[in-house]
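**Q** The structure under discussion is supplied below as structure tokens; questions concerning it will follow.
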Amino acid sequence: MLSPEQKIIEILKSYSSHSPLRREDLLIKLRDAGITLSDRKMRDIVARMVIDGHEPIGSNDEGYFYIHSEEDLREAKKELEAKAASIAVRRNCLERNFQESRNPQGDFLFPMEGITR
């Protein structure tokens with residue numbers, strides 16, 4: 001029997017950025033192969049495969065795919081860059097909200113990076 005990592009690669013090699021496999025469908029395919037994982041565990045495994053396992057797995061709003069081409073790579077990078085930007089905005093908003101909750105008059109207790117009112 002294949003490990004979860006091996007089975008994920010086997011499944012995803014049939015998918016590209018033009019036709020990614022939805023997370024839910026990947027979980028079903030794994031379950032059909034006798035591998036039962038939670039959604040969180042599967043996402044952790046995929047992330048670890050990319051970071052530690054050197055596997056070219058991409059994702060977008062529609063699902064996961066194996067990176068077969070430069071176009072697939074551009075799509076995966078674009079998705080990650082969008083996530084990074086939204087995380088930075090969220091980080092800045094958290095800092096602003098904390099500052100405002102500590103000092104409702106609007107005087108900042110310490111300067112914040114890149115936040116304007």
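**Q** Consider region 56-80. How many of its residues are surrounded by 15 or more Cβ atoms within 10 Å (Cβ to Cβ) and of a type in the set (A, V, I, L, M)?
**A** 3
**Q** Taking the stated definitions as given, is Asp39 within 25 Å of Ser19 (Cβ to Cβ), surrounded by fewer than 16 Cβ atoms within 10 Å (Cβ to Cβ) and either in contact with a helix residue (DSSP H, G or I) (Cβ under 8 Å, 6 or more places away or on another chain) or at pLDDT below 95 (or both)?
**A** yes
**Q** Exactly one condition in (1) more than 22 Å from Met1 (Cβ to Cβ); (2) of a type outside the set (S, T, N, Q); (3) free of Cβ contacts under 8 Å to residues at least 12 places away in the same chain is not met by Ala76; state its number.
**A** Only one criterion in (1) more than 22 Å from Met1 (Cβ to Cβ); (2) of a type outside the set (S, T, N, Q); (3) free of Cβ contacts under 8 Å to residues at least 12 places away in the same chain is unmet by Ala76, namely (3).
**Q** Would you check which residues across region 14-26 are out of contact with any helix residue (DSSP H, G or I) (no Cβ under 6 Å at 6 or more places or on another chain) and either surrounded by 15 or more Cβ atoms within 10 Å (Cβ to Cβ) or under 18 Å from Arg48 (Cβ atoms) (or both) and list them?
**A** Passing the criteria: Tyr15, Pro20, Leu21, Arg23, Leu26.
The values are calculated or read from the model by the stated rules, or taken from the named source; none is laboratory data. What you see is a predicted model, and the numbers here were worked out from it, not measured in a lab. FYI the Cβ positions are ideal-geometry reconstructions off the backbone, even for glycines, and counts take in every protein chain you see.
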